[in-house]
Every structure is written in structure tokens, then in C-alpha cells.
């Protein structure tokens, strides 16, 4: 047999730099082919037609100070309406001299949210601080103790209601969701059937129907004489809905965990509860943070539905403020303000989720 | 070994039995409370109220309804309204979402930037806010009947509604429908058998035209005309319906666009590269290589998005569109039969959503990639 000839370089070759990527100019990107050119021209045409009118309505003819008559005369955007009504939209029919309390609640919740964002702050102390925040918010809004004037829940309204409903339904719904997810994967057929049935029924119904069912059924199903707060009924419906959707997400996370984790834990002698607490749940939840934050955004948006059961949240207060006969129904400005507040909250949550994803995946990727 | 197995059995059924007993106790307590509360209000439990006369008006419906019809028919009308609204929104949002998804993926920075801005803005605002905005725009922003907007010939837009010409069919309508069904069934069988497509299309069209002529069908348009106070004739779409369709379509389009974009992105890039290496034209690349594979990934989330559209249609209640939830609420208000009304409501929605989930399951199992 002939010896195999090997080719071995005598001298190593220099590594060349990669070829420069051809950067497309803006013109090339906009008019690359026929479809792209048509799209560009169409968009330019639409913007050219509508932008001057929007600017004229919002800025040039916009009324920044004045009253309803000035708005009617000008025919432009009635920003003066927002300046006159912003306290009603933000706080509802809360007594005006006590409105520092809901404002403080909003500031408290915002501060706690910003505090909880860095991952180094994810400790048990922060959890306790959140519990204290919820209790403090309820006390501040309700009053009756610590020298605060009592305010019935029927008078609560605006942004604090939206924030409270979101936080409470998430806080109570998430542990419930973990229980439901574990129950759906349990070995005993009864627990599995119960959990599956509950999740599928709640997810199959529209939230509006759930709110309606809660507000009609709860008074009937409880003994005569026990009165249920309207806020509490809405909270039950929102919590159940949050729990069902979060349970599906957590179940996805539990399914993604390799079985070897649980087996290794039991080989080391950990009990089922310890395995869950230390090994399974942290990994499962970390794996599904993007869908969890998506569901959190949905839960924030769902709180706007409570206007059908008579609660005064941010949107309901905005809609009620339009009923003032002194002003020419500036619906666009009001709904724009309400939409901007919701957008700020929801967009913030989605951006935060992207930030988390980037930083958490780096730990897993090797 | 047998002793261990028996102990395992006891361990498994004892907690289950205890849970069942506790659950039964809680349910019995709730049911007892319900019965005593209803009895003290003089309300009997039973579904015979469905046969009684409804006596409340429904402002618009796809099928004809009068307050002298029964409660059961009122429920059917509510369901028909919900399904009609959902069908229109599903079709519109799928079509628009397809184009929006493509625009977002395109290399044109203006188109993709605008599409991204639209999707972000719509998905991060509650649907109720958007619906109330569109309802206010349709009610306050549109002119009165005297100075109606006329975007297309025969179409008028006022604050009292959208008026479009109504198609009036003359001739043997049922016979023509039977002929059309037969022709379409034959065409779909021929399609499956992979016969020549242009021949199938030409033959079906020819047969349909022949059937149209044979059954003596005529199509005329009943145009809306401005009467003294309002438009007469034609088809009226109320401001509530227009607002709900507009708001719900614009909201759902953002979600369907994301689903379609995700599906197209999930097709492996090797497919694109191979097609381009074979010099396949771009439009064939989309139509014959990418989209069929993307469809498998798109259909499950799209089906749940369709269920979401059906569930979101209940928000028509907020602007006054009489869908199923509204009819149930009015019925419960009038008769006090809360439990039965809620059972009917739950049954209808759960049938829709769980039925669609089961169908989707069967479809998924059929088209799932067979892996070893």
C-alpha cells in the first residue's frame, strides 16, 4: 500500500478580516423592489395628508386654558378639559380634600415596582415590603384607623383601583396558579380532574362573563345577611382568571424541566415539598418568564373590564368625566390620556421582560 | 413487595377520599345556601322560563326577532349576533394581519417601523379603551344624515349608522344554492385528485354561470336614499356594530400579525437559502415553500386567537351591541333566574371554546411531524 500523503502547511497563513458588509442606503431600503416602492409612496401619501390636519387639531387650534365655551369656539383639541378634570380621572369620586391618600398610594406602588426591578433586590425582604405596601395601600384608601377619615369602597376610584386590582389579583392568583399547575400534573386522578376542569372552564369563558357570574352568583351562594363588596366580587373573578392563565404558563415551565432533576433530588433524600421549593419551582418559573410577563400585561389590561360591574377604575372615571354638559365631549383627548397611562404600564412590563430575558438567558447559555 | 404496594394504594386513595369529602361538604353548603336564598326570594329553579315571552327588545339582530318571541329565541338571537360579529372580525383580522405581518418583516424601514409602532400601541392598550374611543368617534365624529359622508357610490356614513346597498336576489335561490354546493364539492374532489387547476376553475365557473341562467336568478341592489329624516332602503349597520367591528378588528389584527410573523420566522432559514440557490422567484418562494410550512406553526396559536376573538366579542356589551352576554344579563334581570341563565351562558361559551380546542387537537395530531 502506498503511504498516505499528508498535506501540512509550512507556514501558517494570516487570518484575513471578514469582508465588509454592504450597508444599504436608506433609498435602497425604501425602494428595493416594486412592492417596497409602492408601500413607501403609499405611507408618504397618507402621512402627508393626515399629519398637517392632526397638527392643526392638536397644536394650532388646541385650547390649553379656558373652559367649555372656549373649546367649542376653537374647534381643536380641548387640552383644557384634561387640566380641569385630571383629578377626577385619576382619583374618581374620592373626597377632594383626602386625595393626597390615593396619590400617595400611586407613588408607593410605583416606588415599590421600581425597587423590585433589579435582580439583586429579589429577596424575601422585598416580598415582605410588598405585603406591607398592599396593606398600607388598603389602609390609606379605606381609612378608619390611624386617624384617617373613613372612605367607603364605593367612593374609591381611578388609577389606585386599577393598580390595587392588578396587584391583588396577581398576588393571590400566582400561588393559586402554582397549585393548579401542580394539581394538573399530579398522579391522583381526582386532583388532576379537578384542576383541569377548573382551568379549562375559567379559560373557556370570557372575562366579562366571569365578572358577571361572580357579581350575580356570589350574593346568592353565600348565607343571607353576608354582604359582599362589589370590589371583592370583581377581585374574585379577576383572581380566578389570572390564576387559570398563569397556571397554564407555569405548567409549561414544569413540563420543560427534565425529569432527571426530580429524580436526582429524591435520590439525595429530599422530600417532595423540599424538591418543589428548592429545585423544581425556581427553574420552572425562570424558564417561562417571557410568557409570565405577557400574562401580566393581559392581567393589567383585564382590570379595565370592571367598568361593566359598576366599579370606578381609571377607564370608567375617564368615561364618566365626558358626561359633563359644560364641555363639548372631548373623547379623543380623554381616551388618549387613559390609553397613554395603560400603555406606559404595559409597555414598561414588556420592556422589563426583554431586559430580564437577556440577563437570565446569559446564565443558562454556556 | 406486595405489602409495599398495598401501603402505596392506601397512601394514594386516602388523601383523594379526604379531598372528595371536603369538596362535597363545601359544595353541599353552597348549594344549600343557594336554594334557601332563592326560595326566600320566591324564585323557582327550572328551565321552563325559556318558553315564556321575552318582552324586551333587541336593538339589532342577524335573524328576525320581536319582543313577542320566547326567551329561548332571544338567547339564539344573542348567539347569532356573537357568531356573526366574530366571523366578520376573524376574516378581516386574518387578512389584515397577514399583510401587516409581511410588512413588519419587510426590509422597508418605513413600513416595518410603522407596523411595529401599530402592533405595540394596540397590544399594550386595553380593548375596552379602544372600543369606547371608536364608539365615541362614530357617534360624535361623524356628520348628521343631511351631510352624510359618501366614500363609495351607494355607501353612506353618518352618526346614525353605515348604510350600504342591499343585494336583492330574485329567482330560484334555493335551487341555485344546491347547484352551487354540488359544483363546489365536485371542484374540491377534483382538486384532491390533482387535476389541472385552470381547467377545474374554468369548468366550475362555467357550470355556475349556467346554473345562474337556468334558475332565472337576478341580482339587484337596493340603494339607500335620503328620506326626510333618515336614509331609507338598503342595509343599515348601526353605529354600535360599526364601532365593535372596527375596534375589535384593529385590535385582533395586531395579534394575528404577530402570530403570522412568528410562524414565517420559524421556518428554518435553510429553506429560504435553498430556494434562492435554486433561483426560485421570490413570490413562489413565499407561496410554495415558506407559507405551507409556516401554516403548521401558525394554526394552533391562530385557533386560540380565534377563540379569543369570540370571547372578546362580549365587549360589544360595553358599547351597546346586543350579543349573548347582554341577552343573558337582561334575561336574568327580568326573570330572576340567575342560575339557569348562567348555565346557558356557560354552556354556549364552553361549547365554543372547548369544541374548538378538541378540533385543534385532532388537527394537530394529524399534521404533527412524525418523529422516531
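In the stretch B:18-49, how many are more than 17 Å from residue A:218 (Cβ to Cβ) and free of Cβ contacts under 8 Å to residues at least 40 places away in the same chain?
Summing the residues that are more than 17 Å from residue A:218 (Cβ to Cβ) and free of Cβ contacts under 8 Å to residues at least 40 places away in the same chain in the stretch B:18-49 gives 13.
Counting only residues that are more than 35 Å from the chain's Cα centre (by Cα), give me the helices (runs of 4 or more DSSP H) lying completely in the stretch A:1-117 with at least 1 of them.
Numbers: elements: A:26-30, A:34-55, A:68-74, A:79-91, A:100-116.
The helices (runs of 4 or more DSSP H) meeting that bar are A:26-30, A:34-55, A:68-74.
Take residue B:345 and decide whether it is in a helix (DSSP H, G or I), free of Cβ contacts under 8 Å to residues at least 24 places away in the same chain, in contact with a helix residue (DSSP H, G or I) (Cβ under 9 Å, 6 or more places away or on another chain) and closer than 30 Å to residue A:315 by Cα. Outline the logic, then answer.
Working: in a helix (DSSP H, G or I): yes; free of Cβ contacts under 8 Å to residues at least 24 places away in the same chain: yes; in contact with a helix residue (DSSP H, G or I) (Cβ under 9 Å, 6 or more places away or on another chain): yes; closer than 30 Å to residue A:315 by Cα: yes.
Criteria met by residue B:345.
Among (1) surrounded by fewer than 10 Cβ atoms within 10 Å (Cβ to Cβ); (2) more than 30 Å from residue A:324 (Cβ to Cβ); (3) touching a helix residue (DSSP H, G or I) at 6+ places or on another chain (Cβ under 9 Å), there is one condition residue A:65 misses while meeting the rest; what is its number?
The single condition residue A:65 does not satisfy is (2).
Need at least 2 residues that are away from chain A (no Cβ under 14 Å) per element, so show me which helices (runs of 4 or more DSSP H) inside the stretch B:215-322 make the cut, counting only ones lying wholly within it.
The helices (runs of 4 or more DSSP H) meeting that bar are B:239-266, B:269-277, B:291-312.
Looking at the stretch A:33-62, I want the residues that are away from every other protein chain (no Cβ under 11 Å) and have a partner that is in a helix (DSSP H, G or I) and surrounded by 15 or more Cβ atoms within 10 Å (Cβ to Cβ) with Cβ atoms under 7 Å, at least 6 apart or on another chain. Which pairs are those?
Partner pairs satisfying both residue conditions: A:61/A:74; A:62/A:79.
What's the number of the condition residue A:285 fails, among (1) away from chain B (no Cβ under 14 Å); (2) without any contact (Cβ under 8 Å) to a residue 60 or more places away in the chain; (3) not in a helix (DSSP H, G or I)?
It fails just one condition, (3).
Given the criteria in contact with a strand residue (DSSP E or B) (Cβ under 9 Å, 6 or more places away or on another chain), under 29 Å from residue A:247 (Cβ atoms) and either modelled with pLDDT of 90 or more or surrounded by fewer than 17 Cβ atoms within 10 Å (Cβ to Cβ) (or both), does residue A:162 qualify?
Considered against the rule, which asks whether it is in contact with a strand residue (DSSP E or B) (Cβ under 9 Å, 6 or more places away or on another chain), under 29 Å from residue A:247 (Cβ atoms) and either modelled with pLDDT of 90 or more or surrounded by fewer than 17 Cβ atoms within 10 Å (Cβ to Cβ) (or both), residue A:162 comes out as yes.
Here is a check on your reading of the model: is residue B:317 modelled with pLDDT under 95, under 14 Å from the mean Cα position of the chain (by Cα) and buried (at least 21 other Cβ atoms within 10 Å of the Cβ)? Give the steps one after another, and end with the answer.
Values: modelled with pLDDT under 95: yes; under 14 Å from the mean Cα position of the chain (by Cα): no; buried (at least 21 other Cβ atoms within 10 Å of the Cβ): yes.
Considered against the rule, which asks whether it is modelled with pLDDT under 95, under 14 Å from the mean Cα position of the chain (by Cα) and buried (at least 21 other Cβ atoms within 10 Å of the Cβ), residue B:317 comes out as no.
Could we say that residue B:356 is more than 8 Å from chain A (Cβ to nearest Cβ) and surrounded by 15 or more Cβ atoms within 10 Å (Cβ to Cβ) here?
Values: more than 8 Å from chain A (Cβ to nearest Cβ): yes; surrounded by 15 or more Cβ atoms within 10 Å (Cβ to Cβ): yes.
When the stated conditions are applied, residue B:356 passes them.
Filtering the stretch A:158-194 down to residues that are in contact (Cβ under 8 Å) with a residue 12 or more places away in the chain and within 11 Å of chain B (Cβ to nearest Cβ), which residue is nearest to residue B:354 (Cα to Cα)?
A:183
Taking the stretch B:11-33 as the search range and keeping residues that are touching a helix residue (DSSP H, G or I) at 6+ places or on another chain (Cβ under 8 Å) and within 7 Å of another protein chain (Cβ to nearest Cβ), which one is farthest from residue A:194 (Cα to Cα)?
Taking the candidates together, the pick is B:33.
Step by step: first the residues of the stretch A:295-313, then only those that are at pLDDT below 90 and more than 9 Å from chain B (Cβ to nearest Cβ), then the one that is surrounded by the fewest Cβ atoms within 10 Å (Cβ to Cβ). Which residue is that?
Selected residue: A:310.
Residues being under 21 Å from residue B:155 (Cβ atoms) and without any contact (Cβ under 8 Å) to a residue 24 or more places away in the chain: count how many of those fall in the stretch B:196-227.
Final tally of qualifying residues: 2.
Which of the residues that make up the stretch B:323-343 are more than 11 Å from every other protein chain (Cβ to nearest Cβ) and under 20 Å from residue B:62 (Cβ atoms)?
B:327, B:330, B:331
Limited to the stretch A:251-282, what total is found for residues that are buried (at least 16 other Cβ atoms within 10 Å of the Cβ) and either within 14 Å of chain B (Cβ to nearest Cβ) or under 30 Å from the mean Cα position of the chain (by Cα) (or both)?
The number of residues fulfilling the criteria is 7.
Restricting the search to the stretch A:146-187, which residues are over 23 Å from residue A:230 (Cα atoms) and in a helix (DSSP H, G or I)? Give the steps one after another, and end with the answer.
Initially, the stretch A:146-187 is screened for residues over 23 Å from residue A:230 (Cα atoms), giving A:146-147, A:175, A:177-187.
Across the stretch A:146-187, the qualifying residues are A:175, A:177, A:178, A:179, A:180, A:181, A:182, A:183, A:184.
For the stretch A:316-338, which positions are facing chain B (nearest Cβ under 7 Å) and either in a strand (DSSP E or B) or free of Cβ contacts under 8 Å to residues at least 24 places away in the same chain (or both)?
The answer is A:319, A:329, A:331, A:335.
Which of (1) farther than 30 Å from residue B:111 by Cβ; (2) in contact (Cβ under 8 Å) with a residue 24 or more places away in the chain; (3) under 28 Å from the mean Cα position of the chain (by Cα) does residue B:181 not meet, given it meets every other one?
Tallying (1) farther than 30 Å from residue B:111 by Cβ; (2) in contact (Cβ under 8 Å) with a residue 24 or more places away in the chain; (3) under 28 Å from the mean Cα position of the chain (by Cα), residue B:181 fails exactly one: (2).
Checking residue B:80 against (1) within 26 Å of residue A:331 (Cβ to Cβ); (2) away from chain A (no Cβ under 14 Å); (3) in a helix (DSSP H, G or I), only one condition comes out false. Which one?
So the condition that residue B:80 fails would be (1).
All but one of (1) more than 27 Å from the chain's Cα centre (by Cα); (2) exposed (fewer than 13 other Cβ atoms within 10 Å of the Cβ); (3) modelled with pLDDT of 80 or more hold for residue B:188; state the number of the condition that does not hold.
(1)
Any residue that is facing chain A (nearest Cβ under 7 Å) and closer than 24 Å to residue A:297 by Cβ - is there at least one of those in the stretch B:91-102?
Among the residues of the stretch B:91-102, not one is facing chain A (nearest Cβ under 7 Å) and closer than 24 Å to residue A:297 by Cβ, which makes the answer no.
Restricting the search to the stretch A:199-229, which residues are at the interface with chain B (Cβ under 9 Å from one of its Cβ atoms) and in contact (Cβ under 8 Å) with a residue 40 or more places away in the chain?
A:203, A:207, A:208, A:212
Going by the conditions given, is residue A:240 within 30 Å of residue B:34 (Cβ to Cβ) and either touching a helix residue (DSSP H, G or I) at 6+ places or on another chain (Cβ under 9 Å) or not in a helix (DSSP H, G or I) (or both)?
Yes: the conditions hold for residue A:240.
Mind listing whichever residues of the stretch A:34-46 are surrounded by 12 or more Cβ atoms within 10 Å (Cβ to Cβ) and more than 12 Å from residue B:110 (Cα to Cα)?
A:35
Any idea which of (1) touching a residue at least 40 places away in the same chain (Cβ under 8 Å); (2) in a strand (DSSP E or B) is the one residue B:151 doesn't satisfy?
Result: residue B:151 passes all but (1).
The values are calculated or read from the model by the stated rules, or taken from the named source; none is laboratory data. Predicted, not measured: the structure shown is a model, and the values here were computed from it. With ideal geometry, Cβ positions are generated from the backbone for all residues, glycine too; neighbour counts draw on all protein chains shown.
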